[in-house]
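Here is the structure we will look at.
The values are calculated or read from the model by the stated rules, or taken from the named source; none is laboratory data. Everything quoted here is computed from the prediction, not taken from an experiment. We place every Cβ from the backbone using ideal geometry, glycine too, and count neighbours over all the protein chains shown. Ligands, DNA and RNA are excluded from the accessible area calculation, which covers all protein heavy atoms including side chains. Shrake-Rupley method; radii C 1.70, N 1.55, O 1.52, S 1.80 Å.
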Amino acid sequence: MHRHLFIFSNLFKVTCVIAVLLYADVTSAQINNTGTFAADTSELGHIPELEYIGSDFHRYKSFMFRRVAQEYIANENGFLLDVKLDTAFLIFNRSNEDTTVFTGNYFDDDDGQKPFKKSNDIEKLPLEIRLSSNGKIGELVNWKIFRDYFVSSLSKQAQAELITPAYFREQKEVLNKEAVIRLLVMEDLFYLFDIYGDTVDLNLTYLRVKGLKSPFSGKKLQVLGNLSIERVDGAANTLRFKAQNKADGPVKQQLMDEAIRYLKAKEQDKYSSTQILNVGLNSEQEFDYNLKAKCLMKATLSDVVVLNLQSRGNVRVYQLWDYRYPWE
């Protein structure tokens, strides 16, 4: 086994403490936003094929997603050197006092009787979200409890002199915004719900800039990518969204420089710059949306980091497992 495997395995583990230090780019994934730009439609012969992406989620009494999360490390031939697989059910119930607010929790079973045993500290806290009439998440209602958790983690780092007092004050100010906390806490759900409320052209490929986190420095990198929508053969009511953002050019060189500095700091006298041969960062999303049911049925979110001849993947598959209307 390659001697960098241990470093590689531990380098990209996402923790709540690390997430605190990252400033969230709230608009990077929106379809009709400054983070995404439609392809040139001036070419003669372009015929729009438009579909409105509606949502019925705000009308439900409850809804449930099954999340299957897989982390793996593979060699250059795709052989798995390490793999972890977890399944959780994310169940949301509508508030009796405010019908626009839904409270979600993670469970081991789809009956919602057994709390998710492998949840991290953030997943142990309930998610109170407000759904807009167009289906988007308008607000993380209880965002302050997550803010307080993050600030407490930062405070401990400052007391241990892992970060400076000035940096602590700066990040504390950054974290005092609902939109920032919302994306830090529920980035995947942001993607699941953000396709709603927009009209899309199936005959266009959209250009999209997405903020990806560097696995070496934690900095947000703006990576250009594309988004396309197509009908699925044999499923008349299904639209499939496909998006990809892959680090290239100057961004890839930046990753290479950061990887060299990281390994040099970790290995010191053992380090040689010739050890870094290839670095890559790739993010892909695929969504299946049902026009008749007005809901997203399945979403696959994949993030892959490549270091030399090994790759580490973090894949999450969300399926709409159940939903109920108030009269059911």
Derived scalar couplings ³J(HN,Hα) [the stretch 77-94; Karplus, 6.51 cos²θ - 1.76 cosθ + 1.60; whole Hz; x for Gly, Pro]: 9, x, 6, 6, 8, 7, 8, 10, 9, 10, 10, 9, 10, 9, 10, 10, 10, 6
The size of the Cβ-based charge dipole (Lys, Arg +1; Asp, Glu -1) of the stretch 189-328 about the Cα centre, to the nearest 20 debye, is 340
Could you do me a favour and compute the accessible area per residue for the stretch 127-243, 1.4 Å probe, result in Å²? 44
Find how much the distance from PHE79 to ASN96 grows on full extension, using 0.36 nm per residue of separation minus their present alpha carbon separation; answer in nm with one decimal. 1.1 nm
Running Debye on the stretch 226-328 with equal point scatterers at the Cα sites and no solvent, what base-10 log of I(q)/I(0) appears at q = 0.10, 0.12 Å⁻¹? -0.47, -0.60
Of GLY234, ASN203, MET186, which is farthest on the positive side of the dipole of the stretch 133-261, counting Cα position, with +1 on Lys and Arg Cβ, -1 on Asp and Glu Cβ, and the Cα centre as origin? MET186
Percent carbon-and-sulfur accessible area, the stretch 111-253, ignoring ligands, DNA and RNA, probe 1.4 Å: 48
So if I place +1 on the C-beta of Lys and Arg and -1 on the C-beta of Asp and Glu, and nothing else carries charge, what would the dipole magnitude of the stretch 173-269 be about its Cα centre? I want it in debye, nearest 20. 200
Kindly list the residues of the stretch 230-249 that lie in the label zone of LEU50, defined by a backbone N under 19 Å from the point 7 Å along the Cα-to-C-beta vector. 230-231, 239
Whole-Hz Karplus couplings 3J(HN,Hα) for the stretch 317-328, θ = phi - 60° and coefficients 6.51, -1.76, 1.60, Gly and Pro as x, run 10, 10, 10, 6, 8, 6, 7, 9, 8, x, 8, 7
Length gained if THR103 through SER119 is fully extended, taking 0.36 nm per residue and subtracting the Cα-Cα distance, is 4.1 nm
Using the Cβ atoms and a cut-off under 9 Å, what net charge is assigned to the surroundings of LEU227, where Lys and Arg are +1 and Asp and Glu are -1? +2
